[in-house]
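K.L.:
Sharing a structure below in structure tokens format, with a few things to ask.
The values are calculated or read from the model by the stated rules, or taken from the named source; none is laboratory data. What you are looking at is a predicted structure, and each value in this text was computed from that prediction instead of being measured. Backbone-built Cβ (ideal geometry, glycine too); neighbour counts: all protein chains shown. Accessible surface areas use protein heavy atoms only, side chains included; no ligands, DNA or RNA. Shrake-Rupley method; radii C 1.70, N 1.55, O 1.52, S 1.80 Å.
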Amino acid sequence: MEQQRTEMRSITAEQQKRVEEVCFRSLALIGRNCEYLEQHFDRTGADESTRQAVADINTAAMQLDRTLSEAITLLEFLHEEAKPQLYPIDLCELLQQVSAQSDMIRAQLGVDIRLDYGGCTACCVMADRRDAELLCLHLLSNALRASREGGCVCIALRRTESGWQLTVTDDGCGLPGEDVQAALENRRSFLGGAQLGLLLCRECCRRMDWSLQLEPAPAKGTRAVVSIPLYTGESCPDGTVELRTDSETEREQRKYHLRAMLVREMRTMPERGDPDEEL
């Protein structure tokens, strides 16, 4: 019976892989054809409605690509029988790599990114790097989607008695709550998404024994609070610690990878419209 269940899981994994390949291959084909049409229009000309139709197809494909990637990652997390092996990483370095894209974010969205360490120079935590990157990226993405031009997102890190507290605070639409206007503004900000980002954040935290909660920001907007256990120096079940110094090339590769992930995320951001415009 156990062997049969194992075989069923392997078949399911193989089927999932085929679905991924078909979907991503189709999305790549849509993207290439949109690019070809845009280049063709530059040479031959096209009316504005035709160009807009191609742009809308491209945007929809990018949103579908994002949603598919989130769904596949969630499935992988839910199907894994064991949590990932955690190793010490410097959270300050990771946040610096994320906030290094502030110029690009300001240029595209008109939103400022502020990083506040509270005097910390390093923050060693137990984490899976991929999960930590996904968590930071999606928390930032949610904050940017909620924000308006001229707004600000503050990423803060503080030491507590039991560990570290990472907060991502925006001054945007806020949580839906019971207010009708707030609910409409929140829906407008996240329109077009599949609402998987927050689920993915919670899964990342669960896998690393972190915790996540959302609360209203002190003035306006939303604050995501991530509580992270204090690193005690024992990273592995057997008490050993993996000591590793990353090269400059590896750090640059991670920085480029994070930038590519953020660029892809920003391409799915809804257009900034009039906040008072009704749906």
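K.L.:
Just to be sure I understand the filter: pairs with C-beta atoms under 7 Å, separated by 6 or more residues or on different chains, first member in segment 113-142 and touching a residue at least 40 places away in the same chain (Cβ under 8 Å) and within 27 Å of GLU70 (Cα to Cα), second member of a type in the set (Lys, Arg) and part of a helix (DSSP H, G or I). Which pairs pass?
P.N.:
ASP128/ARG207; ASP131/ARG207
K.L.:
I'd like to check something: does segment 148-159 contain any residue that is under 30 Å from SER26 (Cβ atoms) and of a type in the set (Lys, Arg)?
P.N.:
no
K.L.:
Looking only at segment 173-181, decide whether some residue is closer than 24 Å to ALA107 by Cβ, open to solvent by 10 Å² or more (accessible area, probe 1.4 Å) and at pLDDT below 90.
P.N.:
Yes, the conditions are met somewhere in segment 173-181.
K.L.:
Return the residues of segment 59-86 that are open to solvent by 40 Å² or more (accessible area, probe 1.4 Å), farther than 17 Å from ARG202 by Cβ and touching a residue at least 12 places away in the same chain (Cβ under 8 Å); say none if nothing qualifies.
P.N.:
THR59, MET62, GLN63, LEU64, GLN85
K.L.:
Just give me the residues in segment 87-112 being in contact with a helix residue (DSSP H, G or I) (Cβ under 7 Å, 6 or more places away or on another chain) and either open to solvent by 70 Å² or more (accessible area, probe 1.4 Å) or without any contact (Cβ under 8 Å) to a residue 12 or more places away in the chain (or both), in sequence order.
P.N.:
GLN108
K.L.:
Filter segment 24-47 for residues that are hydrophobic (A, V, I, L, M, F, W, C) and closer than 16 Å to ARG264 by Cβ; which is farthest from the chain's Cα centre (by Cα)?
P.N.:
For segment 24-47, the residue satisfying everything is CYS34.
K.L.:
I would also like to ask the following. Looking only at segment 131-169, how many residues end up being among the aliphatic types (A, V, I, L, M), open to solvent by 10 Å² or more (accessible area, probe 1.4 Å) and farther than 18 Å from GLN97 by Cα?
P.N.:
The qualifying residues number 0.
K.L.:
Filter segment 189-202 down to the residues that are open to solvent by 30 Å² or more (accessible area, probe 1.4 Å) and at pLDDT 65 or above, then identify the one that is nearest to GLU70 (Cα to Cα).
P.N.:
Checked segment 189-202; the qualifying residue nearest to GLU70 (Cα to Cα) is LEU196.
Residue-by-condition table, conditions (1) modelled with pLDDT of 70 or more; (2) exposed (fewer than 12 other Cβ atoms within 10 Å of the Cβ); (3) more than 18 Å from ALA143 (Cα to Cα):
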position	(1), (2), (3)
ARG187	no, no, no
TRP210	yes, no, yes
CYS236	no, no, yes
ARG272	no, no, no
